[in-house]
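Here the structure comes first, spelled out in structure tokens, and everything after it is commentary.
All of the numbers you see were taken from the coordinates with simple rules; none came from a lab. In this text the structure is predicted, and so the values were computed from the model without any measurement. Virtual Cβ from ideal backbone geometry, glycine too; neighbours counted across all protein chains shown.
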Amino acid sequence: MHCDWRRKRELLSRILPVVALLAGDQTGIMADDLPTYQQVSGLQGTVSSIGSDTLNSLMAHWAGAFHQVYPNVQFQIEGSGSSTAEPAIERGIAQLGPISRKMRAEEEEAFAKKRGFKPTCLSVALDCVAVYVHKDNPVRGLTLAQVDSIFSKTRNSGLRDIVSWGDAGLAGLWADVPITLYGRSPTSGTHAYFKQNALFKGEYKDTLKEQPGSVAVVQGVAADRAGIGYSGIGYKTPGVRALPLAKTEDYPFIEPTFENSLAGAYPLGRTLYVYVAKRPGEPLPRVNTEFFKFVFSKEGQDVAVKAGFGALPHEVLAKQRKSLEDEQ
């Protein structure tokens, strides 16, 4: 029987947003009804954090809110890229290692060889990796195969090379405009995540303009009408558009929202992590434990939402809160 893909796409475009909203209600992507943080007495010390640039602004927001509760707790935060997190917590230079991807096997092995145990991974917030274009760019959306063919020289999706906006489907004055690529440096977890999930493990084109941070990628695209780049959704500005993406050409374009990510509709949704050097059977230092209790509370997840990230599902937060309580 002939399958009318146009009708299927139209039907899916109506159904998926509803599924996404239901998923949001069921998993608690809003932080409204989470347990509130319970302040303790006598907390003081210094918390050091080295790692992800994507998480840098969020760590700073959490630090500021936590410092308001505990004026005697100071923070030192550095966001040079996810690959700097493992060496920092391995050597004890930092207590917290924010990473915008899961730690690689070789990183865990290096840590375990040095410290005698594996690092502990804690989920802290949700993010969408968005594909940005200039605000004046009329492209409606892209499939993952198109994204791969725009950014990758290996094109593991099998689609032909896309080098102009005409190749991506635009006509008129845009047809012959060469595409300019903006992205992150290899030290970035977002660089690795995008390579794994959007480039089908392929290699970036040599023309990619590597930027030192998430903000720089968005700024580059905002200043370049021909530009396209990828960065966390929390870094969106009025000068850019975050494109809807489709898993394949047979599916509708899906907006990069946390609801759609939790529903499995948006293909580049991810969890953000903080790694710590916690020896099995031993609790974290008290100031670190209280910091994570704050992060997993209503107040902490509210901070994440206001900073442009997504609150974790309730069951994830409950499990991690319990793990902290069991250490006491």
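In straight-distance terms, cross-link reach from K114 covers every one of the lysines whose alpha-carbon lies under 20 Å from its own, apart from those fewer than eight places away in the same chain; here that gives K102, K278. Between the Cα long axis of helix 56-69 and the first principal axis of the chain there is an angle of about 30°, rounded to the nearest 10. Between Q76 and E315, the modelled labels are 4.0 nm apart [label points 7 Å from Cα along Cα→Cβ]. Projected onto planes of every orientation and averaged, the convex hull of the alpha-carbon atoms in the chain covers 18.4 nm². Excluding the site residues themselves, the longest part of the chain lacking any trypsin sites (Lys or Arg not before Pro) in a DSSP loop with at most 13 other Cβ atoms within 10 Å is 202-328. Computed over segment 141-233, the range of Cα coordinates on each principal axis works out to 38, 31, 23 Å, biggest value leading.
Multiplying the residue separation of H67 and V40 by 0.36 nm and subtracting their alpha-carbon distance yields 8.4 nm. Between W62, V221, S157, the Cα set farthest toward the positive side of the dipole of the chain (charges on each charged residue's Cβ, about the Cα centre) is that of S157. Counted by neighbouring Cβ atoms within 10 Å, the residues V124, V305 run from fewest to most as V305, V124.
The phi-based Karplus calculation (6.51 cos²θ - 1.76 cosθ + 1.60; θ = phi - 60°) puts the 3J(HN,Hα) values of segment 173-183 at 5, 7, 4, 9, 6, x, 7, 9, 9, 10, x Hz, whole numbers, x for Gly and Pro. With both labels modelled 7 Å from their Cα along Cα-to-Cβ, the F253 to K114 distance reads 4.5 nm. Within the listed set P283, P98, P267, the Gaussian network model of the chain (springs between alpha-carbon atoms below 10 Å) gives the highest mean-square fluctuation for P283. Against the chain, whose longest principal axis is taken from its Cα atoms, helix 105-115 shows a tilt of about 20°.
In nm, what is the difference between 0.36 nm times the number of residues separating N156 and E210 and their Cα-Cα distance? All intermediate terms of the calculation are to be shown ahead of the outcome.
On the way: separation 54, 0.36 × 54 = 19.44 nm, distance 2.12 nm.
Full extension of this stretch gives 17.3 nm more.
Would you calculate a helix-derived [θ] at 222 nm for the chain, using -39,500 (n - 2.57) for each DSSP H run of n ≥ 4 and dividing by the full residue count, to the nearest 500? Mind dumping the intermediate values first?
Working: 11 runs with 118 residues, N = 328.
Result for the chain, helices only: -11000 deg cm²/dmol.
If you line up the long axis of helix 286-295 against the longest principal axis of the chain, both from Cα atoms, how many degrees apart are they, to the nearest 10? Compared with the principal axis, the helix lies near 40 degrees.
Under the definition of Cα pairs under 8 Å and six or more residues apart, what whole-number percent is the relative contact order of segment 62-133?
Working: 37 pairs, mean separation 13.3, N = 72.
Once divided by the residue count of segment 62-133, the mean separation gives 18 percent.
In the chain, Cα pairs under 8 Å separated by at least six residues give a relative contact order of 28 percent. In a reduced charge model with +1 at each Lys and Arg Cβ and -1 at each Asp and Glu Cβ, the chain shows a dipole moment near 340 debye about its Cα centre. Our coupling estimate for segment 133-147, obtained by passing each phi through the Karplus curve with A = 6.51, B = -1.76, C = 1.60 and θ = phi - 60°, is 10, 4, 4, 8, 6, x, 4, 6, x, 9, 7, 4, 5, 5, 4 Hz, Gly and Pro reported as x. Sequentially through segment 266-273, phi angles give Karplus couplings (6.51, -1.76, 1.60; θ = phi - 60°) of 7, x, 10, x, 8, 9, 9, 10 Hz, Gly and Pro residues having no value and appearing as x.
Set the bar at 30 Å for Cα to Cα. Now go through K247/K322; K135/K195; K201/K306 and name every pair that lies beyond it. If you can, show how the numbers build up before the last one.
On the way: K247/K322 36 Å; K135/K195 25 Å; K201/K306 33 Å.
As for pairs spanning more than 30 Å Cα to Cα, those are K247/K322; K201/K306.
For S152, nonlocal amide neighbours, meaning residues 5 or more places apart or on other chains whose placed amide H falls under 5 Å from its own, are K205. The fewest-to-most ranking of D167, D148 by surrounding Cβ atoms within 10 Å reads D167, D148.
Only the Cβ atoms of Lys and Arg (+1) and of Asp and Glu (-1) were treated as charged; on that basis the dipole of segment 128-269 about its Cα centre amounts to roughly 200 debye. With springs only between Cα atoms under 10 Å, which of E299, E109, E259 fluctuates most in a Gaussian network model of the chain? So, out of E299, E109, E259, the one fluctuating most is E109.
Label-to-label distance for R286 and V177 is 5.9 nm, based on points extended 7 Å past Cα in the beta-carbon direction. Residues whose amide H lies under 5 Å from that of V73, counting only those 5 or more places away or on a different chain, are G45; hydrogens are built 1.01 Å from N in the peptide plane.
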